[in-house]
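I have placed the structure first, in the form of structure tokens, so that the comments after it can refer back to it.
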Amino acid sequence: MLFSGGRRKKHIANPQTDLYAHALQFYGQPPLENISLSEFETFAVDRLKLLKTVENLGVSYVKLSEQYTKKLENEKSQNAPNEYEKRRKDYISHFILRLAYCQTEDLRRWFIQQEVDLFRYRFSDLQPKQKLEFLHRNNLQYDTEKKTLLDKLVNSSYGVSGITVEDQDFYKVPFQDALDLVRTRKVYLKAGYVYIPHQDIVTIVLNDFRTRLSKALALTARSLPAVHSDERLQPLLNHLSHAYVGQDYSIQKNVGKISLEQIDSLSGKSFPLCMRQLHQALRENHHLRHGGRMQYGLFLKGIGLSLEQALQFWRSEFIRGKVDADKFDKAYAYSIRHMFGKEGKRADYTPYSCMKVILSNPPSQGDHHGCPFRHSDPELLKQKLQFYKVPPSGISQIMELVKGMHYQLACQKYFELTHNIDDGSFSLNHPNQYFIESQKALGGGKDLKKEMDMSQRTFCTGNSGSSSNLGALGSTGISGLTLYFARLPTLDQIRGTIEFSPECYECKCIFQEILNN
């Protein structure tokens, strides 16, 4: 591999020894070659499959556990003839999805999380020497210091002894770059710096990757008008971003099948803990703040409450408190109709996914929304689980998962314990999915299961006014995207290429169409 001191022009002209030279990348520069429309389709779909696998494994297993690693290893193959083509496909497919997933905050959040998890797995798979080379190549060179702090490093660093301290480097890093390690007390902290053993440097690398990717997506989003000027590129990217968002719980066909009298019973049997605590708070206080009304109201909409039922439900509860019927109609009824797309911009809002509940709008004093496993004090959470008759051994398992910040796994364990199931056959990532799976497990969800299967067969075109639902992906999503691409002109009719140009940093893509005569 040659590195010359030539001009920038020479540097760009040789992508083989430049962009695709390494297996692990920060994806700093956009690819500068033309690719066929066929490659664009294949690369995009394969990358989405991989990221969905990463997401599903992340909510089913502890990340980097033996089971997690083994299952992800099976997806590692890129179906490329050689290492260069494998790296090329990885690089280009990443940038294609940047274009598709930079369009909304929810899409960006989902894409960043899955790319970071994939990067974590790939970094952990490197040999120590390769990790060091990667750090140097990306200017992550921190001072190494351990001689004067040997005793303190042994006593305060997680999983190290005097022998291992001698055998590895410790990096002096500003503490704000390693908050995860500081929070879990795994590193020695002194005078605003933490001393990180080489084995834990992945935390710093991931933070850097996340920051770079977040900034890059923001820049890409600002350049989208140039991309959308091509009438064929815009719908293609929209389909890429929406074909894999899973079931849309705002359009279920079981509207009216849930009666208001059933809600109390269902909350104890089939509601996830986040919705169960919201229902209990509503019954006790006869009021919920805006965050709680949105989270719980959209959930109830997703399980089948009609607009008329929702208005009746909230009105009957609020007037039992300090709100009279007239004030309810003036101050609260509008927001309920707005949820159902009957007011304002008429957006049919989607129930919140687990990711949205966990990552956005944390509850403050007097609020009851959010994820109990993420936002509740550990002791209060333990008391709540005891009150709901979760066995002590199960509570210990849940608290261990919460301590490790595996909140969706903790919720899935709660599902298994409250339904007497040894191992759930699904990856939980949506409160409404919890409800449907609960009804199926209790034998009352045959209609719901049938409806869910029919809904998943529907190809989702998305709604720019709706909150993105990044829920479970079924195999039907793949066929939906394939059908979309099948409707495009054939390659015999159109030979398309997509040119990634540096002029708009990383996302100016232009179809160049050559028609056969």
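The values are calculated or read from the model by the stated rules, or taken from the named source; none is laboratory data. These numbers were taken from a predicted model, which means no experiment stands behind them. Glycine gets a Cβ as well: all are built from the backbone with ideal geometry, and neighbour counts include every protein chain shown. Heads up: the accessible areas ignore ligands, DNA and RNA and are worked out on the full protein's heavy atoms, side chains in. Shrake-Rupley method; radii C 1.70, N 1.55, O 1.52, S 1.80 Å.
In this simple spin-label approximation, LYS403 and ASP422 carry label points 7 Å from Cα along the Cα→Cβ vector, and these lie 2.6 nm apart.
Take each peptide in 428-437, 384-393, 50-59, count the other Cβ atoms within 10 Å of every residue, and average; sorted highest first, the result is 428-437, 50-59, 384-393.
Here the calculated FRET efficiency for LYS70 and LYS389, from their Cβ-Cβ distance with R0 = 25 Å, stands at 0.10, rounded to the nearest 0.05. What is region 264-443 by shape, rounded, prolate or oblate, if you read a ≥ b ≥ c off the alpha carbon gyration tensor as root eigenvalues and call it rounded for a/c under 1.5, prolate for a/b larger than b/c, and oblate otherwise? Verdict is prolate for region 264-443.
Highest mean packing comes first when the peptides 174-185, 278-289, 410-421 are listed by Cβ atoms within 10 Å, giving 410-421, 278-289, 174-185.
Counting only protein heavy atoms and using a 1.4 Å probe, the accessible area of MET399 comes to about 30 Å². For GLU33, nonlocal amide neighbours, meaning residues 5 or more places apart or on other chains whose placed amide H falls under 5 Å from its own, are PHE500.
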